[in-house]
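*Asks:* A single structure is presented below for examination.
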Amino acid sequence: MTRSELVARLAARFPQLVAKDAEYAVRMILDAMTAALARGHRIEIRGFGSFALNYRPPRVSRNPKSGDKVLVPEKYVPHFKAGKELRERVDVGGA
């Protein structure tokens, strides 16, 4: 689902919510989540899952085209872990 699809579903489900307001609400939620992760905080949404940062240490990698060694600096990457309820609901629909 894309952001625009989410906005369209919100606007369709809540007729009192104008599409512009639904767009604003989605943008504000995502901006708040991004800011929290940027500050190093963890986000937990009960029944859905949690977002946290994973540390990746510096390493030596290779350029696949030339084979040259490349130094990859350390970094933090966002990581999502699905909650129990989400895993169970997805598993019911899966194979």
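The values are calculated or read from the model by the stated rules, or taken from the named source; none is laboratory data. Keep in mind it's a predicted model, so treat the numbers as computed, not measured. Using ideal geometry, Cβ is built from the backbone for each residue, glycine included, and neighbour counts are taken over all protein chains shown. Ligands, DNA and RNA are excluded from the accessible area calculation, which covers all protein heavy atoms including side chains. Shrake-Rupley method; radii C 1.70, N 1.55, O 1.52, S 1.80 Å.
*Asks:* What whole-number volume per residue, in cubic angstrom, does the convex hull of the C-alpha atoms of the chain give? List each step's numbers first, then the result.
*Replies:* Working: hull volume 17.4 nm³, N = 95.
Convex hull of Cα atoms, per residue: 183 Å³.
*Asks:* Rounded to whole Hz and in sequence order, give me ³J(HN,Hα) for the stretch 48-58 from the Karplus expression 6.51 cos²θ - 1.76 cosθ + 1.60, θ = phi - 60°, writing x for Gly and Pro.
*Replies:* 10, x, 9, 10, 8, 9, 9, 8, 10, x, x
*Asks:* Positive end of the dipole of the stretch 21-71, charges at C-beta (+1 Lys, Arg; -1 Asp, Glu), about the Cα centre: which of THR34, LEU71, PHE48 has its Cα farthest in that direction?
*Replies:* LEU71
*Asks:* Can you work out ³J(HN,Hα) from phi for every residue in the stretch 29-40, in order, using Karplus 6.51 cos²θ - 1.76 cosθ + 1.60 and θ = phi - 60°, giving whole Hz and x for Gly and Pro?
*Replies:* 5, 5, 5, 5, 5, 4, 5, 5, 5, 5, 7, x
*Asks:* Longest segment of the chain with no trypsin sites (Lys or Arg not before Pro) in a DSSP loop having at most 14 other Cβ atoms within 10 Å? Please report the intermediate quantities before stating the final value.
*Replies:* Numbers: sites that count: ARG39, ARG42, ARG46, LYS65.
The longest uninterrupted stretch comes out as 1-38.
*Asks:* Top to bottom by accessible area (1.4 Å), largest first, where do SER66, SER50 land?
*Replies:* SER66, SER50
*Asks:* List the residues, sorted by chain then number, that are 5 or more residues from LEU17 or on another chain and whose placed amide H is less than 5 Å from its amide H.
*Replies:* Close amide H contacts, sequence-distant or interchain: none at all.
*Asks:* Ignoring ligands, DNA and RNA, what percent of the 1.4 Å accessible area of the chain is carbon and sulfur?
*Replies:* Percent of accessible area from carbon and sulfur atoms in the chain: 57.
*Asks:* Calculate, for the chain, the solvent-accessible area per residue in square angstrom, rolling a 1.4 angstrom probe over the heavy atoms of the protein chains.
*Replies:* Values: 7990 Å² over 95 residues.
Ligands and nucleic acids excluded, the result is 84 Å² per residue.
*Asks:* Taking the Cα atoms only, what angle lies between the long axis of helix 3-13 and the longest principal axis of the chain, rounded to 10 degrees?
*Replies:* Roughly 20 degrees, rounded to the nearest 10.
*Asks:* So what are the stretch 39-95's ellipsoid semi-axes, whole angstrom, largest first, if each one is the square root of 5 times an eigenvalue of the alpha-carbon gyration tensor? Walk me through the numbers on the way to the answer.
*Replies:* Numbers: eigenvalues 233, 65, 6 Å².
Ellipsoid half-lengths, sorted descending, are 34, 18, 5 Å.
*Asks:* So which residue, out of GLY67, GLY49, GLY40, gets the largest mean-square fluctuation from a GNM of the chain using Cα contacts under 10 Å as springs?
*Replies:* Of GLY67, GLY49, GLY40, the Gaussian network model singles out GLY67 as fluctuating most.
*Asks:* If I fit a long axis through the Cα atoms of helix 84-93 and take the longest principal axis of the Cα atoms of the chain, what angle between them do I get, 0 to 90°, rounded to 10?
*Replies:* 80
*Asks:* To the nearest 10 Å², what's LEU53's accessible area with a 1.4 Å probe?
*Replies:* 60
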